[in-house]
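Remarks on the structure that follows.
The values are calculated or read from the model by the stated rules, or taken from the named source; none is laboratory data. Remember, it's a predicted structure, so these values are computed and weren't measured experimentally. When we count neighbours, we look across all protein chains shown, and the Cβ atoms used for this are built from the backbone with ideal geometry, even at glycine.
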Amino acid sequence: MQLINLTPNGQASVPTAASPWAIDPSAPSATNSTDLAPGGYLARITSVFHESDKQRFVLTFDIATGDHAGHFAQTPIPLDWTHALYESYAPDRMAYTRRDVGCIAKSNPAADVYSIWNSDPAGLKGLLVAVVLSYRESVDCYGEDELMPSWRVITTEALSKGAYKIPGLLRKDKTHEPATQGAPVSIDLDGDDDGVK
């Protein structure tokens with residue numbers, strides 16, 4: 001196996017010593033796929049980071065319950081954006097952020113989510129978030145068709161009752177397959193049927 005360095009001027013060269021930009025061509029590349037079926041999932045926020053140049057916070061999460069618990073932690077080379085919520089504070093996007101933060105607040109009644117958001121959104125780490133996964137068709141950097149994940153925030157109450165719709169596949173021509181009714185998802189984290197713990 002031979003490593004290839006991509007130098008700042010775009011030339012390839014064989015490295016003489018290990019460099020931080022060395023590429024092993026036989027190593028697996030990142031994938032945009034989540035390998036999850038469209039539907040509702042109970043997740044836990046795993047990180048929050050600020051993208052000040054884009055006026056937003058990025059909340060990454062992982063599945064918290066069921067057969068897919070810890071899915072993204074176990075997936076090789078998961079791209080953060082395949083399991084992320086983008087919460088903008090740009091004036092024209094704040095209504096969407098208020099909706100999502102409101103759903104997170106209703107899903108975590110013991111936490112003062114609005115105070116956390118208003119002071120330091122990184123404090124949201126560890127809180128629950130109910131999400132609905134759907135997909136849209138796209139083309140990857142190699143010209144191959146792929147499915148891109150799209151996540152929407154709902155409340156844990158809606159998730160547990162199945163009171164949500166799963167958007168149908170958004171095709172490249174901007175047409176949608178029909179939405180389907182979501183199924184109830186257990187939100188009991190400790191297995192004693194008394195609710196979220």
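The residue that is nearest to GLY40 (Cα to Cα), among those in the stretch 81-95 that are part of a helix (DSSP H, G or I) and in contact with a Phe, Trp or Tyr (Cβ under 9 Å, 6 or more places away or on another chain), is HIS83. The residues of the stretch 106-162 that are in a loop (DSSP other than H, G, I, E, B), touching a helix residue (DSSP H, G or I) at 6+ places or on another chain (Cβ under 8 Å) and not polar (S, T, N, Q), listed by number, are ALA111, LEU127. Residues considered: GLY143, GLY162, GLY102. Of these, the only one that is more than 14 Å from the chain's Cα centre (by Cα), at pLDDT 95 or above and at positive phi is GLY162. Cβ-Cβ contacts under 6 Å between residues 6 or more apart (or on different chains), taken from a first residue in the stretch 137-160 that is under 22 Å from HIS176 (Cβ atoms) to a second residue that is of a type in the set (Gly, Ala, Ser) and surrounded by fewer than 18 Cβ atoms within 10 Å (Cβ to Cβ), are listed as GLU146/SER138; MET148/SER138. With respect to LEU189, determine if the residue is at pLDDT below 95 and in contact with a Phe, Trp or Tyr (Cβ under 6 Å, 6 or more places away or on another chain). Judged against the criteria, LEU189 is not a match.
On inspection, TYR86 passes the criterion of being in contact (Cβ under 8 Å) with a residue 24 or more places away in the chain and surrounded by fewer than 19 Cβ atoms within 10 Å (Cβ to Cβ).
Results for (1) at pLDDT 90 or above; (2) outside any strand (DSSP E or B); (3) surrounded by 11 or more Cβ atoms within 10 Å (Cβ to Cβ), shown as yes or no for each residue.
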site: ALA17; (1), (2), (3): no, yes, no
site: SER33; (1), (2), (3): no, yes, yes
site: TYR41; (1), (2), (3): yes, no, yes
site: HIS50; (1), (2), (3): yes, no, yes
site: LEU59; (1), (2), (3): yes, no, yes
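Being surrounded by fewer than 11 Cβ atoms within 10 Å (Cβ to Cβ) and more than 19 Å from ILE63 (Cα to Cα) is a property that PRO178 has. Tallying residues that are over 26 Å from ASP188 (Cα atoms) and without any contact (Cβ under 8 Å) to a residue 40 or more places away in the chain within the stretch 59-77 yields 0.
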